[in-house]
Amino acid sequence: MNALPDIKGAQITEASSVIALEDITRSFGLVHALRGISFSLVPGRALALVGESGCGKTSCARIIARMDNPTSGTMLFRGKDVTAVGSGTEEKSYRRAVQMVFQDPFASLNPVFSVGHHLVRPLKLHGHVQGRKGAADGVDALLESVGLDPILTAHKFPHELSGGQRQRVNIARALAVQPEVLVADEPTSMLDVSIRLGILELLSSIKRQRNLALLYITHDIATAAHVAEEIVVMFAGQMVEWGDTMSVITDPRHPYTKLLLSAVPDPYQPFVPGDSAQFLQHAEKIRQISRPSSDGIDKVGPNHFVRTLGKIA
Amino acid sequence: MNNALLQIRDLSVDYLLDKGVFNAVKNVSFDIGRGELFGLAGESGCGKSTIAYAITRLAKPPAWVAGGEILLDGQDLLGMTERALQVVRWKRIGMVFQSAMNSLNPLMRVEAQFHDVLYRHTGSNREKSRARAEEMFRLVGIPADRLSNYPHQFSGGMRQRIVIAICLALSPELIIMDEPTTALDVVVQREILEQVVDLQKSHGFSVLFITHDLHLMAQICHRIGVMLKGELVEVGDVKQVSRAPVHDYTKRLWGAIPSLPSMNAMERSPA
Ligand SMILES: Nc1ncnc2c1ncn2[C@@H]1O[C@H](COP(=O)(O)OP(=O)(O)OP(=O)(O)O)[C@@H](O)[C@H]1O
Ligand SMILES: Nc1ncnc2c1ncn2[C@@H]1O[C@H](COP(=O)(O)OP(=O)(O)OP(=O)(O)O)[C@@H](O)[C@H]1O
Ligand SMILES: [Mg+2]
Ligand SMILES: [Mg+2]
């Protein structure tokens, strides 16, 4: 179990976890982006974080990637409290261990550098390759591993690539550092389906081979099942349902999880003009009942937890 | 089809590079009828966005339209002066692009961005713009009191909905949506696209819907075109392309979609 019930103040940590969040909150003024988030990331395993747009997924990722600090709560790295920024060397080793692939491939590559340059830099910086030949081979291997043709791609600049091609470069760049933890924030949402599966399989195999702990953030609950052993469904800053992926997906208990599953595109159910109000009302009702804070957690399976509905204010 | 709103004839678009010419779009022809939802599918890099940019003539060098015609109501967009085109863009052809969520001005409140667009294209005053903005926010499911916020105060998905709202505010005849919901969760995606389908029916605009999610495309579009490496390899009615695809590539695209493991206690759509 690497998604834990968030029992306030309790120090529950999976012994083998590389990163653990305990009762993390993050507020932006009146917006409570995260409310009592607790889960841990384990080497060789993937945790999927799914939920509606704006529910706080990226806020979690930014805290783990040290781009933001929590309002309260604790973050552990190899069992050590790293909530507060530590010494220079500690920070450096943390930042090297935790790499991130962002949601938007358009914003995260530097327009003045070639694809090759984006990959050579981390390879050299972290001493993973020696010499010109080594660097070129390293770049080729990385590009091939993400399904790009090295000869066609290495010399290109970001603006010469399609959205999907850019995202693959981003994944290659994160892998160049050889991290322990990979936080992938919607890594495939801009990739076409025919490549999506390939990338997800790539992430899975890297996870196994390199014993990588993977946090896979997605709004595509169907892909979560292909990558992650465990899943956390978030709504409005709270974890509403979590545990074993197959258990959550095949036997959803929380109304929001059910809504999410019901909205997965189904080619045999075309949208009918005039129906939108009905779906909107249904979705809005479920959001309303799912939003209030609640401390109640039901254990509904060996590794399957559901938050009880809170009182509507 | 004579009453087509948009006719694309033998369109070829190249990228002129130091190393030579790259043919990104090769002799592509298709029509979008009035009130039609037309989908363009195909894998990453096949040229979908290049077509979208060519239609609105927003393609910048090194992109070069090497040949063909793009007719809106019979009028060739490729031959128009930039000035004439300004009137067409946004007012007649609305655009929601892949990275649209980053196209909002970070320094301007969202309300002001609505007014900016509405004033420029319709001469609207502040009061009218505010009312229209509130109406559009309701449409895309964001509380109207957040109109006074700045873009960074919204999540990526919310920003994308705002761009769609701004585009719809001008009631264009054709809306080009290039991966409009890739950054959104499936619930919000379905809410927005069901609304697009509804609004399309009530307002009668046409849509060019670009995505690589064939499942989603099949739920929305009347006709679908499938592209492979710059060529349009199959065009047809949604039923035909989804249930009886002719081209091997289309069949492969369908086979490659990650689907949910079967569910037992699953609620399908309401009622
Ligand atoms: N800097 C900020 N200032 C104010 N509010 C913020 C800020 N960053 C995030 N928020 C708010 O916090 C909430 C969570 O945002 P977050 O980006 O984590 O969502 P998300 O789950 O990643 O959404 P998406 O799927 O759309 O990317 C949103 O309501 C957002 O508006
Ligand atoms: N400015 C450019 N210079 C050179 N080549 C380019 C440029 N823009 C795009 N290309 C190339 O043209 C081809 C088509 O790109 P386009 O962006 O139209 O693809 P797409 O079908 O929209 O892909 P995606 O689904 O990834 O968005 C790609 O192979 C891309 O590498
Ligand atoms: Mg996000
Ligand atoms: Mg594109």
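Looking at A:Val272, A:Val264, A:Val306, which one is more than 9 Å from chain B (Cβ to nearest Cβ) and either under 30 Å from B:Gln195 (Cα atoms) or open to solvent by 10 Å² or more (accessible area, probe 1.4 Å) (or both)?
Details: A:Val272 fails: more than 9 Å from chain B (Cβ to nearest Cβ); A:Val264 fails: more than 9 Å from chain B (Cβ to nearest Cβ).
Just a single option satisfies the conditions, and that option is A:Val306.
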- Message: Can you find, within the stretch A:30-69, the residue that is nearest to ligand 3 (Cβ to nearest atom) among those that are more than 18 Å from A:Pro292 (Cα to Cα), open to solvent by 30 Å² or more (accessible area, probe 1.4 Å) and of a type outside the set (D, E, K, R)?
- Response: A:Thr58
- Query: So how many residues does the stretch B:162-173 have that are open to solvent by 10 Å² or more (accessible area, probe 1.4 Å) and either within 14 Å of another protein chain (Cβ to nearest Cβ) or within 16 Å of ligand 3 (Cβ to nearest atom) (or both)?
  - Reply: 2
- Which one of the conditions (1) in a loop (DSSP other than H, G, I, E, B); (2) of a type outside the set (A, V, I, L, M, F, W, C); (3) open to solvent by less than 30 Å² (accessible area, probe 1.4 Å); (4) farther than 16 Å from A:Gly164 by Cα does A:His128 fail to meet, given that it meets all the rest? (3)
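Which one is nearest to ligand 1 (Cβ to nearest atom) among residues in the stretch A:162-198 that are of a type in the set (Val, Ile, Thr) and modelled with pLDDT of 75 or more?
Let us first name the residues in the stretch A:162-198 that are of a type in the set (Val, Ile, Thr), namely A:169, A:171, A:177, A:181, A:183, A:188, A:193, A:195.
This time we only want the ones that are modelled with pLDDT of 75 or more, so: A:169, A:171, A:177, A:181, A:183, A:188.
On the way: A:Val169: 21, A:Ile171: 18, A:Val177: 23, A:Val181: 18, A:Val183: 12, A:Thr188: 14 Å.
Among residues in the stretch A:162-198 that are of a type in the set (Val, Ile, Thr) and modelled with pLDDT of 75 or more, the one nearest to ligand 1 (Cβ to nearest atom) is A:Val183.
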- Message: With the requirement that a residue be out of contact with any Leu (no Cβ under 7 Å at 6 or more places or on another chain), open to solvent by less than 30 Å² (accessible area, probe 1.4 Å) and among the charged types (D, E, K, R), what does the stretch A:167-219 give you?
- Response: A:Asp185, A:Glu186, A:Asp192, A:Arg196
- Note on the structure: So, first residue at positive phi in the stretch A:162-182, second residue away from ligand 1 (no atom under 16 Å from the Cβ), Cβ within less than 8 Å, six or more apart or across chains; the pairs are A:Gln178/A:His126; A:Gln178/A:His128; A:Gln178/A:Arg210
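Determine which member of the set B:Arg159, B:Arg190 is within 13 Å of chain A (Cβ to nearest Cβ), away from ligand 3 (no atom under 16 Å from the Cβ), open to solvent by 10 Å² or more (accessible area, probe 1.4 Å) and within 25 Å of A:Phe235 (Cβ to Cβ). Can you show your working first?
Details: B:Arg159 fails: away from ligand 3 (no atom under 16 Å from the Cβ).
Selected residue: B:Arg190, the only one of B:Arg159, B:Arg190 that is within 13 Å of chain A (Cβ to nearest Cβ), away from ligand 3 (no atom under 16 Å from the Cβ), open to solvent by 10 Å² or more (accessible area, probe 1.4 Å) and within 25 Å of A:Phe235 (Cβ to Cβ).
The values are calculated or read from the model by the stated rules, or taken from the named source; none is laboratory data. Computed from a prediction, not measured in an experiment: that's the story for all the values here. Reconstructed Cβ throughout: ideal geometry from the backbone, glycine too, with neighbour counts over all protein chains shown. Heavy atoms of the whole protein, side chains included, go into the accessibility calculation; ligands, DNA and RNA do not. Shrake-Rupley method; radii C 1.70, N 1.55, O 1.52, S 1.80 Å.
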